[in-house]
Amino acid sequence: MKPLRFLMLLLLTVLAASSAQATTVIAPTFDQLVGDAELIFQGTVIEARSEWISQGAEREMVTYVTFDIKDAIKGAPGSNYTIRMLGGTIAGETREVADAPRFKAGDRDVVFVEHNGTQFIPLVGIMHGRFHVQTDASGRDVIAKDNGASVGDVTKLGHDERAAAAGPAISLSDFKSAIRQKLAGK
């Protein structure tokens, strides 16, 4: 009986693997991040709340992430802004989108938003549209990518990720200045 159970499990694993789908996200350049974003802001997450919504005959789990806006860099998000992302956790059931950022209350971020409410993850380049604000050992606010890697050179984003992370992390103020310079056409 055990060999039959093993063979069935192996068959199911092979079938599941052959039908699995993956999403490949090409990292956008800094120019693309700034140009494609409808809104760019620095904010602190004040709430991440998941709920079921109906989409025609389908039910989807979504998470609403609300930010307290600290600095509106592009667009006018108001004093609070909420993005809607596919996936979340409700009553112990989790639905995830691979490589999607996971926000929690207290997170400090600079986000590049596009197509909020209509795109499954409304950030430019999914995880590439979120940058963490972290405090380094000297007390300086610096920028890190969604995966935690520091950002040293924004001009290398989307071109050479190792070079983008090389050197000391860029400060929050320098990062926002680079965005504003790009918006001004410099």
Can you tell me which residue in region 40-73 is nearest to SER177 (Cα to Cα), limited to those that are of a type in the set (S, T, N, Q) and touching a strand residue (DSSP E or B) at 6+ places or on another chain (Cβ under 9 Å)?
GLN42
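When you scan region 31-89 for strands (runs of 3 or more DSSP E) that lie fully inside it, which ones turn up with 3 or more residues that are polar (S, T, N, Q)?
Working: elements: 39-55, 58-74, 80-86.
Of the strands (runs of 3 or more DSSP E) lying wholly inside region 31-89, those with at least 3 residues that are polar (S, T, N, Q) span 39-55.
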Does any residue of region 101-119 turn out to be of a type in the set (A, V, I, L, M), touching a residue at least 40 places away in the same chain (Cβ under 8 Å) and farther than 17 Å from ILE40 by Cβ?
yes
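Does ASP99 satisfy being modelled with pLDDT under 95, on the phi > 0 side of the Ramachandran plot and of a type in the set (Asp, Glu)? Full working, then the answer.
Working: modelled with pLDDT under 95: yes; on the phi > 0 side of the Ramachandran plot: yes; of a type in the set (Asp, Glu): yes.
Yes.
Quick grid of which residues meet (1) assigned to a loop (DSSP other than H, G, I, E, B); (2) modelled with pLDDT of 95 or more; (3) aliphatic (A, V, I, L, M):
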{"residue": "GLN134", "(1), (2), (3)": "no, yes, no"}
{"residue": "GLY148", "(1), (2), (3)": "yes, no, no"}
{"residue": "ALA163", "(1), (2), (3)": "no, no, yes"}
{"residue": "GLY167", "(1), (2), (3)": "yes, no, no"}
Residue by residue through region 84-123, note down the ones that are touching a Pro at 6+ places or on another chain (Cβ under 6 Å) and surrounded by 20 or more Cβ atoms within 10 Å (Cβ to Cβ).
VAL113
Conditions (1) out of contact with any Ser or Thr (no Cβ under 6 Å at 6 or more places or on another chain); (2) in a loop (DSSP other than H, G, I, E, B); (3) not hydrophobic (A, V, I, L, M, F, W, C): number failed by GLN181:
(2)
Log entry, pairs with first residue in region 163-186 being small (Gly, Ala, Ser), second being assigned to a helix (DSSP H, G or I), beta carbons closer than 7 Å, six or more apart or on different chains, reads ALA163/LYS156; ALA164/LYS156; ALA178/VAL154
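The values are calculated or read from the model by the stated rules, or taken from the named source; none is laboratory data. As the structure is a computational prediction, the values presented were derived from the model and not from experiment. So basically every Cβ, Gly included, is an ideal-geometry build from the backbone, and we count neighbours across all protein chains shown.
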